[in-house]
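Remarks on the structure that follows.
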């Protein structure tokens, strides 16, 4: 009896990517809570949120290691293994950026954000989280594509990639405008440096999301 070709594949590695992005999205929710707590100036739970993000990051790392070690030599995959790993690396850097941003905030004892940039920072956080939310649906559509190899599902993946690129572009513009604003604030040099670096760390979340989409586009390329 012939064995169907699809049965020769191991469980789809994209199942692991889906589990990983769900953990990243869990981290994004806690990251937002931590940031809102920080800017409130009277929140006492920031450190708890920061530790929770660290725990989620460690859980995401565990999933990442399981994906990398769970592909025995010679396993047939519907995607290039190295492209898969590069995608996973960028997706994992998103949760790393959540942790790094909160760690950077914790380095200064002063709590809160100057009133002049508070609203802009909130908008930037929202702008970088939006593309992260799109990745979950992109992976779902990619799973369907690699199962059926239909143009319909491939086009859905490409559409989400385009949405993420547009969102990343807007986040970049907000990041640039905010950095210019910080440089023109009446503030001590250490404060300016701290806020500029924080903005760059937050902006990096959208960069890694776009990089992940670039790798997904390479994986679905014909």
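The values are calculated or read from the model by the stated rules, or taken from the named source; none is laboratory data. Small disclaimer: the values here were computed from a predicted structure and weren't measured. Cβ sites come from the backbone with ideal geometry, for glycine too, and all protein chains shown count toward neighbours.
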So which of 198, 178, 135 ends up being assigned to a helix (DSSP H, G or I) and farther than 30 Å from residue 109 by Cβ? 135
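This table checks each residue for (1) exposed (fewer than 15 other Cβ atoms within 10 Å of the Cβ); (2) in a helix (DSSP H, G or I); (3) under 17 Å from the mean Cα position of the chain (by Cα).
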site: 66; (1), (2), (3): yes, yes, no
site: 79; (1), (2), (3): no, no, no
site: 84; (1), (2), (3): no, yes, yes
site: 92; (1), (2), (3): no, yes, yes
site: 108; (1), (2), (3): yes, no, no
site: 121; (1), (2), (3): no, yes, no
site: 130; (1), (2), (3): no, yes, yes
Condition met for residue 74 (farther than 20 Å from residue 196 by Cα and either in contact with a strand residue (DSSP E or B) (Cβ under 6 Å, 6 or more places away or on another chain) or at pLDDT below 95 (or both)): yes
Top-ranked residue in the stretch 1-47 [being part of a loop (DSSP other than H, G, I, E, B) and within 20 Å of residue 114 (Cβ to Cβ); ranked as modelled with the lowest pLDDT]: 41
Looking at (1) modelled with pLDDT of 95 or more; (2) closer than 19 Å to residue 203 by Cβ; (3) surrounded by 14 or more Cβ atoms within 10 Å (Cβ to Cβ), find the lone condition where residue 169 falls short. (3)
